[in-house]
Amino acid sequence: MLPRGPSYLHHVLVALKNQRSDHFRHQFRINPSIFDAIVAAIKLDPIFANSSNNAQMPVEEQLAITLYRFGRDGNGAGLQEVANWGGVGKGTVTLATRRVMTAVLRPEFMENAVHYPSEDAKEEAKRWVHKHSCHAWRNGWCFVDGTLIPLAIRPPWFGESYWDRKDRYSLNAQVFIFCDCVVTFLL
């Protein structure tokens, strides 16, 4: 059995996070401050609790592996590629992803992380759109765009539902963006 190669994960979390945030963003598609906020929000979730003699890896590393995995497509999104990058086994990649997604999909996290704009904020956005856009959009208060998130494999449950117009398996995300370019919510 061959030993694992060196992990790039620790370099990203230590050096790039503190000294090259642009490279950190390239790895995870988010700013270091947002990364830290997500870690702080999910680290106490029971999914990361462990009564075993073997401790789980730090939540920061599990989130890093999950974000790195989600930021890749094609061969780069394969379990072995992500495992090599993180210096872990393929099973650990799957476990880390499952734990992070369990934590972020809990209602408690979603209530704190996803905020719909207030009526005052919508009115302010409508004024901004009216001032900076065409007359026909004067009552608009957000921008909506969709994107496909490719999946490496067919999901085991209802897999045919994930087949898209580009002849691959994917998730369809709708992103709602406020006038100040802040993502309001994701559907």
Among the residues of the stretch 23-33, write down those that are open to solvent by less than 60 Å² (accessible area, probe 1.4 Å) and in a helix (DSSP H, G or I). PHE24, GLN27, PHE28, PRO32
Test result for ARG20, more than 15 Å from GLY86 (Cα to Cα) and open to solvent by 80 Å² or more (accessible area, probe 1.4 Å): yes
Take the residues in the stretch 58-88 that are touching an Asp or Glu at 6+ places or on another chain (Cβ under 8 Å) and in a helix (DSSP H, G or I), then tell me which one is least open to solvent (accessible area, probe 1.4 Å). GLY86
Which condition from (1) among the charged types (D, E, K, R); (2) modelled with pLDDT of 90 or more; (3) under 23 Å from VAL114 (Cα atoms) is the one that ARG29 breaks? (2)
What about THR102, is it modelled with pLDDT of 80 or more and open to solvent by less than 80 Å² (accessible area, probe 1.4 Å)? yes
Considering only the stretch 9-26, I want to know if a residue exists there that is touching a residue at least 12 places away in the same chain (Cβ under 8 Å) and in contact with a Lys or Arg (Cβ under 8 Å, 6 or more places away or on another chain). yes
Determine which single condition GLY91 fails, assuming it passes every other condition in (1) within 26 Å of the chain's Cα centre (by Cα); (2) of a type in the set (Gly, Ala, Ser); (3) not in a helix (DSSP H, G or I). (3)
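Evaluate the following for ALA55: is it in contact (Cβ under 8 Å) with a residue 60 or more places away in the chain and open to solvent by 50 Å² or more (accessible area, probe 1.4 Å)? Spell out the reasoning first.
Working: in contact (Cβ under 8 Å) with a residue 60 or more places away in the chain: no; open to solvent by 50 Å² or more (accessible area, probe 1.4 Å): yes.
Against the criterion (in contact (Cβ under 8 Å) with a residue 60 or more places away in the chain and open to solvent by 50 Å² or more (accessible area, probe 1.4 Å)), ALA55 does not qualify.
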Among (1) in contact (Cβ under 8 Å) with a residue 60 or more places away in the chain; (2) in a loop (DSSP other than H, G, I, E, B); (3) open to solvent by 80 Å² or more (accessible area, probe 1.4 Å), there is one condition ASN112 misses while meeting the rest; what is its number? (2)
So, of the residues in the stretch 115-135 that are assigned to a loop (DSSP other than H, G, I, E, B) and in contact (Cβ under 8 Å) with a residue 24 or more places away in the chain, which turns out to be farthest from PHE28 (Cα to Cα)? PRO117
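The values are calculated or read from the model by the stated rules, or taken from the named source; none is laboratory data. Please read these numbers as outputs of a predicted model, since none were measured by experiment. Ideal geometry is used to build each Cβ from the backbone, glycine not excepted, and the neighbour counts take in all protein chains shown. Note: accessible area is taken over every heavy atom of the protein model, side chains too, but ligands, DNA and RNA are not part of it. Shrake-Rupley method; radii C 1.70, N 1.55, O 1.52, S 1.80 Å.
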